[in-house]
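Data first, discussion second: the structure below is written as structure tokens.
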Amino acid sequence: MHPQEFQRAVLDWYQHQGRTNLPWQNPITPYRVWISEIMLQQTQVSTVIPYFERFMNSFPTIESLAEAHIDEVLHHWTGLGYYARARNLHKTAQIVAFEMNQQFPDTVEALAALPGIGRSTAGAIRSIGFRKPAAILDGNVKRVLARFAAIDGWPGKTAVHNQLWDIAERYNPEQHTQEYTQAMMDLGALVCSKKTPQCDACPIATGCKAFAEGRQSLYPGKKPKKALPVRETLFLLLRNARGDILLQKNPPTGLWGGLWVLPQIQQPSELDVTCESLGLRVKSKAPMQKQRHTFSHFHLDYQPLMVEVEECCNNINENTHLVWYNREKPLSLGMPAPIKALLTI
Ligand code: SF4
């Protein structure tokens, strides 16, 4: 299929079948495209919509995001996971607002130099937000192109990834970039779906190699399976006489960086020493149901421990990285979903 024929087919399809009512499409601005693209990484549209709407209510402009406290930004991200995305959003907002006169750059190179913006996100901001030509290669587009051109192998491998980028660039149009980029995302989400591609309704079926071979399910190639390692920890729900639970803030980088979490220990025998270091004395303790949270690279098996404590000194109120969390009057803090869930028990 010639690129022009491909583009025409995709654009025609988009006119009748594409999505035009997503919250970030009304109105379309580089800022809103950027926020939606970052939220949509590894996350479904239906999950993202309420997060996006709340985020825009609180941070309607790049200046408002740049000026917000990081805790407030992470609070809006609670439950979306991959929190480095939120920390990078905040950093990029500060660079664009304070060093770039509140104007996003419009080249792929300059966009991709900002924290948290990769080549595909840069392409989406340029093509949708600025209506200028740039290819994208998000998860949906990878799947469409891998099937269309029958590209073997897992797209996580550099050679496969580069091949897919070559195709994305070759088929990308010079005009109607906003519609074309959105159309390719929609085609992957609505027609060329992971499990049940609707090839009969697909505008590029006549040129699709996977369809011709009846081998749609083989593309894109799967990630080689590797058993995830398991790590174990105990989460301490340290509860004072008022019923408040102690939270501590993680360092800004690393796992759950910058988020408020429960104190952890590796062995039950560490409980007394940990409490003493916080100026607390253990009155009683009760283990709760063990649970598992899976990260991209390991499983975390955690045992929550409810511990009634007595405050022996004022260590906690003087420490900016510790807070007594009142569950009746919750503060706007960024928290990982498993911690938030434990606080509702
Ligand atoms: S023909 Fe089928 S497999 Fe090929 S791109 Fe269209 S939906 Fe996907």
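The values are calculated or read from the model by the stated rules, or taken from the named source; none is laboratory data. Keep in mind that this is a model prediction, so the values were computed, not measured. Here Cβ is always computed from backbone atoms with ideal geometry, including for glycine, and neighbour counts include all displayed protein chains.
Just one of LYS283, LYS290, LYS209 is outside the structural domain of ASN317 (by TED's automatic domain parsing), surrounded by fewer than 18 Cβ atoms within 10 Å (Cβ to Cβ) and either within 16 Å of the ligand (Cβ to nearest atom) or of a type outside the set (Phe, Trp, Tyr) (or both); which is it?
On the way: LYS283 fails: outside the structural domain of ASN317 (by TED's automatic domain parsing); LYS290 fails: outside the structural domain of ASN317 (by TED's automatic domain parsing).
Just one listed residue meets the conditions, LYS209.
Would you mind telling me which numbered condition in (1) crowded, with 22+ Cβ neighbours inside 10 Å; (2) part of a helix (DSSP H, G or I) ALA134 fails?
(2)
Got a sec? Which of PRO229, PRO252 is over 26 Å from LYS157 (Cα atoms), surrounded by fewer than 20 Cβ atoms within 10 Å (Cβ to Cβ) and away from the ligand (no atom under 16 Å from the Cβ)?
PRO252 is the lone residue from the list that is over 26 Å from LYS157 (Cα atoms), surrounded by fewer than 20 Cβ atoms within 10 Å (Cβ to Cβ) and away from the ligand (no atom under 16 Å from the Cβ).
Of all residues in segment 232-249, which are surrounded by fewer than 15 Cβ atoms within 10 Å (Cβ to Cβ) and either assigned to a loop (DSSP other than H, G, I, E, B) or in contact with a helix residue (DSSP H, G or I) (Cβ under 8 Å, 6 or more places away or on another chain) (or both)?
ALA241, ARG242, GLY243
Checking LEU343 against (1) among the aliphatic types (A, V, I, L, M); (2) touching a residue at least 60 places away in the same chain (Cβ under 8 Å); (3) exposed (fewer than 13 other Cβ atoms within 10 Å of the Cβ): exactly one of these is not met. Which one?
(3)
Determine if segment 150-163 includes at least one residue that is within 13 Å of the ligand (Cβ to nearest atom) and either within 20 Å of GLU5 (Cβ to Cβ) or in a helix (DSSP H, G or I) (or both).
yes
Just one of GLY18, GLY81 is touching an Asp or Glu at 6+ places or on another chain (Cβ under 6 Å), in contact (Cβ under 8 Å) with a residue 60 or more places away in the chain and surrounded by fewer than 20 Cβ atoms within 10 Å (Cβ to Cβ); which is it?
Being touching an Asp or Glu at 6+ places or on another chain (Cβ under 6 Å), in contact (Cβ under 8 Å) with a residue 60 or more places away in the chain and surrounded by fewer than 20 Cβ atoms within 10 Å (Cβ to Cβ) holds for just one of GLY18, GLY81, which is GLY18.
With the checklist (1) modelled with pLDDT of 95 or more; (2) in a helix (DSSP H, G or I); (3) more than 9 Å from the ligand (Cβ to nearest atom); (4) crowded, with 16+ Cβ neighbours inside 10 Å in hand, flag the one item ALA189 doesn't pass.
Condition not satisfied by ALA189: (1).
Filter segment 263-283 down to the residues that are hydrophobic (A, V, I, L, M, F, W, C), out of contact with any helix residue (DSSP H, G or I) (no Cβ under 6 Å at 6 or more places or on another chain) and not in a helix (DSSP H, G or I) and list them by number. It would help to see each step written out before you state the result.
The initial filter retains those residues of segment 263-283 that are hydrophobic (A, V, I, L, M, F, W, C), namely 265, 271, 273, 275, 278, 280, 282.
Now narrow it down to the ones that are out of contact with any helix residue (DSSP H, G or I) (no Cβ under 6 Å at 6 or more places or on another chain): 271, 273, 275, 278, 280.
Correct list: LEU278, LEU280.
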